[in-house]
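Chemist: A single structure is presented below for examination.
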Amino acid sequence: MNLFTYARATSAADAASKFQPAAKFLGGGTNLVDLMRETIERPTALVDVTGLSSAIAEGPQGGLLIGAAARNTKVAEDTLVRTRYPALSRAIVSGASAQIRNMATVGGNLLQRTRCTYFYDDEGSSCNKRQPGQGCDAIDGFNRNHAVLGASSSCVAVHPSDMCVALAAFDAVVHIQRDGQELKIPFGDVHRLPGDRPDLDTTLHPADLIVAVELPPLSFSARSTYRKVRDRASYAFALVSVAAALDIKDGKIADVRLALGGVAHKPWRASKAEAMLRGGPATEDAFRAAAAAELADAEPLSHNGFKIELARRAIVAVLVELAGVEA
Ligand code: SF4
């Protein structure tokens, strides 16, 4: 049995004062509690931060500011989110089950850990993320759900979040409290590729507290969507997912945002495809070329080569839908 203490924080400062080495901040607990049951996580203390801000409000320069304790359901159903950032609402609704979305918080969603089955099997499998230096049973094992981009010889896991893919596409900014100060971290800098330290999912420090997520204003964010390809219609993680926003002027792509899920250790911003598309024609051929460029460096494992073609097709399908062109 792993004993731990529990305390409820009344403010971010209170949460920091209650934090201690080997503690964890507790949001909805939809992943952390599972990990504790499996003894993958063994915190000595839980600091419950669900009482902190869950407000969804206009951001300082437009955009939106979402309190980290906001439940996923609340964010997905919020009128401002649905009308201004529909890709975010759709991404959240496509994730998990209604019960889990009712519990899970925005801050916790960012910090959820991979669902690699070897990671959860601490009695029978080797896993560098769980136990650095132990090896990775997924590389030569059953790796159908694993990464095709940005993986390393230490870890081929994928990030499980849908919400984070949309946040990556929208260039969200994560507000954290560190050492009594509030810092703003670009979303793309929060999660890591595995490299030789797959035990580290993010660049955050253990005592960092996520207090809010900011969605900057984006003139074409309303023309955005999220598509998730998975093995069954609900309660399944993405094989591949795409979040995209598209701005077309005079038949040309004035701007585009594109991010992929289910393919890498972090939400994958498709920067190569975006660069190819900007200023070009909004045609299916252009979308195909951009998708091929983005996936050019993809490396399949023994069971997941299908993800590369699936990602290409999903990108094209989403852009065709947003552009309203004939497929
Ligand atoms: Fe562990 Fe990563 Fe290998 Fe999965 S892919 S077994 S999480 S090291």
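Chemist: Please go through the range 72-104 and give me each residue that is part of a helix (DSSP H, G or I) and either in contact with a His (Cβ under 9 Å, 6 or more places away or on another chain) or of a type in the set (A, V, I, L, M, F, W, C) (or both), ordered by number. Quick ask: steps written out before the conclusion?
Modeler: Here is the first cut: in the range 72-104, the residues part of a helix (DSSP H, G or I) are 72-77, 79-84, 86-93, 98-103.
Matches in the range 72-104: Val75, Ala76, Leu80, Val81, Ala87, Leu88, Ala91, Ile92, Val93, Ala98, Ile100, Met103.
Chemist: Can you tell me which of Asp196, Asp201, Asp247 is touching a strand residue (DSSP E or B) at 6+ places or on another chain (Cβ under 6 Å) and either farther than 25 Å from Ala98 by Cα or surrounded by 15 or more Cβ atoms within 10 Å (Cβ to Cβ) (or both)?
Modeler: Asp247
Chemist: Identify, please: which residue in the range 144-164 is β-branched (Val, Ile, Thr) and near the ligand (Cβ under 9 Å from one of its atoms) and is, among those, surrounded by the most Cβ atoms within 10 Å (Cβ to Cβ)?
Modeler: Looking only at the range 144-164, we keep the residues that are β-branched (Val, Ile, Thr), and these are 148, 156, 158.
Going one step further and asking which of them are near the ligand (Cβ under 9 Å from one of its atoms), we end up with 156, 158.
Working: Val156: 26, Val158: 30.
Checked the range 144-164; the qualifying residue surrounded by the most Cβ atoms within 10 Å (Cβ to Cβ) is Val158.
Chemist: Against the definition (in a loop (DSSP other than H, G, I, E, B), closer than 24 Å to Gly28 by Cα and of a type in the set (Ser, Thr, Tyr)), how does Ser152 come out, yes or no? So that I can check it myself, show each step before the final result.
Modeler: Working: in a loop (DSSP other than H, G, I, E, B): yes; closer than 24 Å to Gly28 by Cα: no; of a type in the set (Ser, Thr, Tyr): yes.
For Ser152, the condition - in a loop (DSSP other than H, G, I, E, B), closer than 24 Å to Gly28 by Cα and of a type in the set (Ser, Thr, Tyr) - is not met.
Chemist: Right, something else. Which residue out of Gly107, Gly188, Gly141, Gly124 is assigned to a loop (DSSP other than H, G, I, E, B) and more than 9 Å from the ligand (Cβ to nearest atom)?
Modeler: Details: Gly107 fails: assigned to a loop (DSSP other than H, G, I, E, B); Gly188 fails: assigned to a loop (DSSP other than H, G, I, E, B); Gly141 fails: more than 9 Å from the ligand (Cβ to nearest atom).
Checking each option against the conditions leaves just Gly124.
Chemist: Quickly run through the range 230-247 and pick out the residues that are of a type outside the set (S, T, N, Q) and part of a strand (DSSP E or B). Can you show your working first?
Modeler: Going residue by residue through the range 230-247, those that are of a type outside the set (S, T, N, Q) are 230-233, 235-240, 242-247.
The answer is Val240, Val242, Ala243, Ala244, Ala245, Leu246, Asp247.
Chemist: If I filter the range 273-302 down to residues being in contact with a helix residue (DSSP H, G or I) (Cβ under 7 Å, 6 or more places away or on another chain) and without any contact (Cβ under 8 Å) to a residue 24 or more places away in the chain, which single residue comes out as surrounded by the most Cβ atoms within 10 Å (Cβ to Cβ)? Explain how you work it out, then say what you get.
Modeler: Restricting attention to the range 273-302, the residues satisfying the condition of being in contact with a helix residue (DSSP H, G or I) (Cβ under 7 Å, 6 or more places away or on another chain) are 273, 276-277, 280, 282, 284, 286-295, 298, 300.
Those still in the list that are without any contact (Cβ under 8 Å) to a residue 24 or more places away in the chain too: 276, 289, 292-293.
Values: Met276: 20, Ala289: 16, Ala292: 16, Ala293: 15.
Filtering the range 273-302 for residues that are in contact with a helix residue (DSSP H, G or I) (Cβ under 7 Å, 6 or more places away or on another chain) and without any contact (Cβ under 8 Å) to a residue 24 or more places away in the chain, the one surrounded by the most Cβ atoms within 10 Å (Cβ to Cβ) comes out as Met276.
Chemist: Which of the following residues is of a type outside the set (Phe, Trp, Tyr), over 21 Å from the mean Cα position of the chain (by Cα) and at pLDDT 95 or above: Gly133, Gly150?
Modeler: Numbers: Gly150 fails: over 21 Å from the mean Cα position of the chain (by Cα).
The match here is Gly133.
Chemist: Ala264 - would you say it is touching a Gly at 6+ places or on another chain (Cβ under 6 Å) and not aromatic (Phe, Trp, Tyr)?
Modeler: Numbers: touching a Gly at 6+ places or on another chain (Cβ under 6 Å): yes; not aromatic (Phe, Trp, Tyr): yes.
Judged against the criteria, Ala264 is a match.
Chemist: Moving on. Just for strands (runs of 3 or more DSSP E) wholly inside the range 1-66: which have at least 1 residues that are under 24 Å from Pro132 (Cα atoms) and at pLDDT 95 or above? Steps first, answer last, please.
Modeler: Values: elements: 5-8, 23-26, 45-48, 56-58.
By residue number, 23-26, 45-48.
The values are calculated or read from the model by the stated rules, or taken from the named source; none is laboratory data. Just so you know, these numbers come straight off a predicted model, no measurement behind them. Every residue, glycine as well, gets a Cβ built from its backbone with ideal geometry; the counts of neighbours run over all protein chains shown.
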